[in-house]
Amino acid sequence: MLISYNWLRELTGTSLTPLELRERLTMVGLAIDAVEEKDSDAVLDVEVPSNRPDCLSHMGIAREVALIESGKIRPPSSKPASAEGRAADLTSVEIRDTDLCPRYAARLVRDVNIAPSPAWLTKRLEEIGQRPINNVADITNYVLHELGQPLHAFDFAKLSGQRIVVRRANAGEKLKTLDGVERTLDAKMLVIADAERPVALAGIMGGEDSEISIQTTDVLIESAYFNPDAVRRTARKLGMDTEASRRFERGADYEDVLRAQNRCVELICEIAGGVATEDAIDVYPSPMPTRRIAFRPARVENLTSLNVAETDMKFILTGLGIAHTEESSAVWKCVPPTWRIDIEREEDLVEEIARHFGYDKIDSELPPSNQSGELQPRELKIRKLRRTLQTLGFDEAINFSFIEAAHDNQFELIPELNTEDPEHVFITLKNPIIESEVRMRPTLIPGVLNSLRHNLNHGVRSVRLFETGRIFAKLNSGELPNEREALSLIATGGAGEENRAQALRETDFYDLKGSLEAALAAMNRGPLRFTKAQVKHLREGQSARILLADGTPIGSLGRLAESVSDAYKFRQPVYVAELDLTRLLAAEELPVQYAPLPRYPSVVRDLTILVDRQITLEELLRTIEEQQVDDCRGAQLVGTYEGANIPEDRRAVTLRIEYRSDERTLRDEEVEERQRGLIESLLRQYSAQLH
């Protein structure tokens, strides 16, 4: 919003310089982006908050300046209009849809002389970026920027039936607006019509057919209050953004309708000549209710810590136009002015007082509390997860919750979100913050891949990242999306060690798997199971499905497929995992158990068997556990061998079996007997051979 310093000085008599005004207005919440010197004037570029439509005018800013300087507003004045006749004898106004137009006022000015505006008016408009048109149109724009009330002037002779009808448009109805564009309307849009056709889009723009021209002699001045939601909806649907729509869609002052109209009519009679009607037709069937707010002065200190005297509170409220009466020493009744639509509750009044008393006077301190805070169990688990992964060399990534539609069907989702119809999953944003990122993310993987690419592009070759966050999937129509907490890990480059500049080897599948298992162990969750699987975004033969101990699938892990790596231009192997953290946190927590150190020694036996290449280590270890061999404490992998003297469809697997009794030292013959029974079970179940 561009504000003329000279214009502001006429309204307030301010003694502050433009630069001082920039500082003082910024301190009360009206940031000044720039101050530009223009001839003998200065123009302030004010960043007006979206909830302060009253400041979209010089009068609105003048109110703030007057309070800052403890001064008073100097209302604009002009010569009284020459008047003759009643408006109702010459025209009529009918509001058919009062829900969209609660108030409409019309007043006639006859025998005007349409001509260029005088130099002072032209200069003032040009300083704030407005293009002069003619004296009548320029006056409506002048009053708009002075008082904040949008007005419109119709050529009265072009109105069929010399009447105004405020109604909803008929579906498919056409209107050519002042910008020369023919627009197709729908039944939800409000129009200003004459006896036959629409002549203006209510609160947005006039129509070309009723435009003021050099031949115009009689003008009808419109001043109204339109429903903000209706104006916003119509403007968005038609792709329009005008000075009028910006004010109406935020909320205009419904009690300023006649004052702005009178100011406009007086200026027209003064500059363009003509005779106005003695009155206006003011159709206002259901006046807006007065807002009353109970205000407790003690709340100012309670909410802001500011110790403001009651006399100062009254001065600030009065300066802002807020009427107040004391019902008791503890409670005041306050009535906000009609131009302040943002003041609705007691906290808003506290904010106004704090704003003008000085935000800079608020001390920085922790709020008082009679109890200590604590983390919830879920938060404690996630904190352990984060700390463990950071200990293992991972950095945390934080990405936006929305991604590009190009990632649709590029990645396999966690089982809870995976459906037979992938298109049913994606949630599309109607008004995205970033134009290209229109999907709510159903997976964390695109985010961590972008973070990895950013690091690689900056020369960081060895990267380990993790991210926790929500992912989203569509449910049935009318239902809120399905939200799940997810965990994603990604690793590439060298498997570095602390204080070593050179990595001894490259990161592989087992580094990521081990990191994931360690993190989950810190959360007392697990053990996890890993089974061979084909995953859309992972390389075949180096991918696994992640399952809970009961067999419930919760995610996947493996090396990124070449097609995805090529799309991101990765030139080195990348390993990625994603799992359903919501499901994991809901799983049964492992008990923390303590046991004395073993009193008797363990006996270990190695065995090497030839098994089919499709048999996994996880299957072998689970089979050994299920055999429940006496005194068997577990098994571990020693190594595998494929090559000379081994059939192509087989591999040699060497396992180390541990035996130990809690009651005595085991004899060799006892161990051999148990080992023999275990070997026979393995050979039989997997058609294996001893090697």
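Things worth noting here:
- The chain - percent relative contact order, Cα under 8 Å, separation 6 or more: 9
- 22 Å Cα-Cα threshold exceeded, pairs from LYS384/LYS474; LYS176/LYS237; LYS188/LYS237; LYS72/LYS361; LYS174/LYS237: LYS384/LYS474; LYS72/LYS361
- Footprinting exposure proxy for MET240, MET27, MET313 (fewest neighbouring C-beta atoms within 10 Å first): MET27, MET240, MET313
- The stretch 477-622: relative contact order as a whole-number percent, Cα under 8 Å and 6+ apart: 24
- The distance separating the Cα centre of the stretch 428-451 from that of the stretch 216-270 comes to 39 Å.
- For the stretch 109-134 and the stretch 6-73, distance of Cα centres in Å: 24
- Low-density loop positions, trypsin sites (Lys or Arg not before Pro), the stretch 395-504 - DSSP coil, at most 12 other Cβ in 10 Å: LYS430, ARG461, ARG500
- For Rg/Rh (Cα atoms, Kirkwood Rh), calculated from these coordinates, the label among [x] 0.95; [y] 0.99; [z] 1.18: [z]
- Partners for LYS79 among aspartates and glutamates (Cα-Cα distance below 13 Å; same-chain residues under 8 apart left out): GLU266, GLU270
- 3J(HN,Hα) along the stretch 12-17: 10, x, 4, 9, 6, 6 Hz, from the Karplus curve 6.51 cos²θ - 1.76 cosθ + 1.60 with θ = phi - 60°, whole Hz, x for Gly and Pro.
- This model, with +1 at the C-beta of Lys and Arg and -1 at the C-beta of Asp and Glu, gives the stretch 603-690 a dipole about its Cα centre of some 180 debye.
- Within the chain, helix-based [θ] at 222 nm, where runs of 4 or more DSSP H residues each add -39,500 (n - 2.57), nearest 500: -8500 deg cm²/dmol
- Lys, Arg +1 and Asp, Glu -1 on Cβ, resulting dipole of the chain about Cα centre, debye, nearest 20: 620
- Ranked by how many other Cβ atoms sit within 10 Å of their own Cβ, fewest first, the residues SER286, SER305 fall in the order SER286, SER305.
- The magnitude of the dipole of the stretch 87-283, with charges of +1 and -1 set on the Cβ of Lys/Arg and Asp/Glu and taken from the Cα centre, is near 640 debye.
- Reachable lysines from LYS333, criterion Cα separation under 23 angstrom, eight or more residues apart if same chain: LYS314
Throughout, read-outs are computed from the coordinates displayed, never taken from laboratory work. In this text the structure is predicted, and so the values were computed from the model without any measurement. Note that we place each Cβ from the backbone using ideal geometry, even for glycine, and neighbour counts take in every protein chain shown.
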